[in-house]
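Remarks on the structure that follows.
The values are calculated or read from the model by the stated rules, or taken from the named source; none is laboratory data. Keep in mind that what you see is a predicted model, and the values were worked out from it rather than measured. Virtual Cβ from ideal backbone geometry, glycine too; neighbours counted across all protein chains shown.
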Amino acid sequence: MLNAESSITYPVPFTGKERRVHLTGEAYFEVAKHQQQPFIVSSLQQSIKVTGTHFNVCCYLHQPDITTLAEGSVDITPLSSSTTHSLKPGQQATLIGNDFEVKSVKAEDVIAWKDGLFVFNDTPLKEALQQIGRWYDVEFTYNNTLPLNKRFDAEISRNLNLQQVINIIEMGTKLTFKLDGRKINVQ
């Protein structure tokens, strides 16, 4: 499944020794096992090798690549290095430079987008607004009014309209949002 502002390219049919796709943006994968033809997800910064599993890859431009494993196992290799990292279910790897920062997460929260939800658990507000902006095709501007340490907790349906989502955020953060076309100023 592809998230907002995402694209994937792949050959039809898969031939050769691997099943390779190229991803920009975010996608959730459920991959059938096929030991003789591993599944590989490539982004501009990393390559993920899979034999059969459920995982999420977030690789938007100008952001670090983030891979979250829900089930099975994956091996991740930065394109700038030959070091491979293996993930276990419930782990998330963020590519920083030539290496990964690995932490434990609730995978179901990370992949909630595929079920029509935004799930924010102690999420930096700027990151939450970036996800919301991507979904509703709007840009949030801050004018240095957004506290750097402001974090946000909420579960919000993606079926709500933008104004309803903004109302929820305003209630939870005590910030004000001023809409100006496709731009929203945070005050």
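Which number in (1) at pLDDT below 95; (2) closer than 20 Å to residue 59 by Cβ; (3) not in a helix (DSSP H, G or I) marks the one condition that residue 118 misses?
All conditions pass for residue 118, except number (1).
Looking only at the range 109-121, decide whether some residue is without any contact (Cβ under 8 Å) to a residue 24 or more places away in the chain, within 24 Å of residue 71 (Cα to Cα), out of contact with any helix residue (DSSP H, G or I) (no Cβ under 9 Å at 6 or more places or on another chain) and surrounded by 15 or more Cβ atoms within 10 Å (Cβ to Cβ).
The answer is yes; a qualifying residue exists.
Which of the residues spanning the range 9-21 are surrounded by fewer than 14 Cβ atoms within 10 Å (Cβ to Cβ) and either among the aliphatic types (A, V, I, L, M) or assigned to a strand (DSSP E or B) (or both)?
9, 12
Examine the range 135-149 for a residue that is assigned to a strand (DSSP E or B) and on the phi > 0 side of the Ramachandran plot, and state whether such a residue exists.
no
Which residue is modelled with the lowest pLDDT, if the candidates are limited to the range 161-172 and must be over 15 Å from residue 130 (Cβ atoms) and surrounded by 15 or more Cβ atoms within 10 Å (Cβ to Cβ)?
172
List the strands (runs of 3 or more DSSP E) that sit entirely inside the range 43-115 and contain at least 1 residues that are under 26 Å from residue 132 (Cα atoms).
46-50, 53-59, 66-71, 91-96, 99-104
Rundown of residues vs (1) modelled with pLDDT under 95; (2) crowded, with 20+ Cβ neighbours inside 10 Å, yes/no style:
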residue	(1), (2)
35	yes, no
42	no, no
52	yes, no
61	yes, no
69	no, yes
86	yes, no
92	no, yes
97	yes, no
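Only one of these conditions is not met by residue 8: (1) more than 26 Å from residue 118 (Cα to Cα); (2) out of contact with any Pro (no Cβ under 7 Å at 6 or more places or on another chain); (3) touching a residue at least 12 places away in the same chain (Cβ under 8 Å). Which number is it?
(1)
For the range 118-131, which positions are within 14 Å of residue 186 (Cα to Cα) and under 12 Å from the mean Cα position of the chain (by Cα)?
127, 128, 130 - these are the residues of the range 118-131 that are within 14 Å of residue 186 (Cα to Cα) and under 12 Å from the mean Cα position of the chain (by Cα).
Please specify each residue of the range 150-178 satisfying the condition of being in a strand (DSSP E or B) and more than 19 Å from residue 4 (Cβ to Cβ).
151, 153, 177, 178
Out of the residues in the range 137-160 that are surrounded by 11 or more Cβ atoms within 10 Å (Cβ to Cβ) and among the hydrophobic types (A, V, I, L, M, F, W, C), state the one that is farthest from residue 118 (Cα to Cα).
Only one residue fits best here, namely 146.
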